[in-house]
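Just below is one structure, and these are the notes that go with it.
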Amino acid sequence: MRLDLVLLHNPERAHPGDRSARHSAIRDAFATLEEEVAAGRVAGYGVATWAGLEEEAFTLGVLLALAAEAAGGQHHHLVAVQMPVSLVMMTPIARALHGRGPLPAAADVGLRVMASAPLHGGELPGMVGQELADLIRPSLTPAQAGILAVASCPGVTDVLLAASGAPHWREAADAVAQPSLTAAKLRETARYPSSFTYRS
């Protein structure tokens, strides 16, 4: 059996206050994963982070360099990054709309970009009024509007979400099947007056 993808989970939490030790730990983990790839047990690996890229506990460039070191050259198997993107966590979307931040940077080097927590732990539908949902796209529910906004973000290749049942899954699938929002519509959404606390 071979795993398609293994994610190193929240490495920003390792060695608080010691960037060098944190980077060494990430490189060591990557080296182990490269060994698993060589043995045929893993196809590729990535980093799943909540705040590491936004708070620059590490950068995408650092992760790529550490992967190259672990592999002994540029032919490494770091293939994905995962981070939260939602209408509540708008900073990644706002930066991506200007071609900045980890989302477009990861996409530019061919990494799979996985957006986690698109509904902010299930809280988002209760925070988005129908007026905002209609601004994003009329006829969508607040949950669908939130998912479509994330799926439309430049650089995002996958949207990760949990569904409590088949109806929720179908609702999410219908949202992702919609035509992507334009950059102008995403910017308008980002400027919408709301009570959300956006991360800066």
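Bear in mind that the values in this text are calculations on the coordinates, not laboratory data. Note that the coordinates shown come from a computational prediction; the quantities given were computed from them, not determined experimentally. Glycine also receives a Cβ, built like all others from the backbone with ideal geometry; neighbour counts cover every protein chain displayed.
Enumerate the helices in the chain for which the Kyte-Doolittle hydropathy averages 1.0 or more and the C-alpha atoms extend at least 24 Å along the helix's axis, using complete DSSP H runs.
Helices meeting the span and hydropathy rule in the chain: none at all.
Give the residue list of trypsin sites (Lys or Arg not before Pro) in segment 85-162 that are DSSP loop and have at most 14 other beta-carbon atoms within 10 angstrom. The partial results should precede the final answer.
On the way: sites: ARG95, ARG100, ARG112; in loops: ARG100.
Here the trypsin sites (Lys or Arg not before Pro) that fit, given the DSSP loop and packing criteria, are ARG100.
Of the GluC sites (Glu not before Pro) in segment 35-91, which ones lie in a loop per DSSP and count no more than 12 other C-beta atoms within 10 Å?
When the GluC sites (Glu not before Pro) of segment 35-91 are filtered for loop state and at most 12 Cβ neighbours within 10 Å, GLU55, GLU56 remain.
Using unit Cβ charges (K, R positive; D, E negative) and no other charged atoms, how large, in debye to the nearest 20, is the dipole of segment 74-200 about its Cα centre?
Values: 9 positive and 8 negative charges, 66 e Å.
Taking the Cα centre of segment 74-200 as origin, the dipole is about 320 debye.
Taking θ as phi - 60°, what are the ³J(HN,Hα) couplings along segment 77-91 by the Karplus curve (6.51, -1.76, 1.60), each to the nearest whole Hz, with x for Gly and Pro?
Whole-Hz 3J(HN,Hα) from phi for segment 77-91: 10, 6, 10, 8, 10, 10, 7, x, 9, 7, 5, 8, 8, 7, 3.
Mind checking segment 77-175 for GluC sites (Glu not before Pro) that DSSP puts in a loop (not H, G, I, E or B) and that have at most 16 other Cβ atoms within 10 Å?
Details: sites: GLU123, GLU131, GLU171; in loops: GLU123.
When the GluC sites (Glu not before Pro) of segment 77-175 are filtered for loop state and at most 16 Cβ neighbours within 10 Å, GLU123 remain.
Of TRP50, LEU132, GLN144, which is farthest on the positive side of the dipole of the chain, counting Cα position, with +1 on Lys and Arg Cβ, -1 on Asp and Glu Cβ, and the Cα centre as origin?
In the chain, that residue is LEU132.
What FRET efficiency comes out for ARG2 versus ALA166 if R0 is 30 angstrom and r is the Cβ-Cβ distance? Round to the nearest 0.05.
0.55
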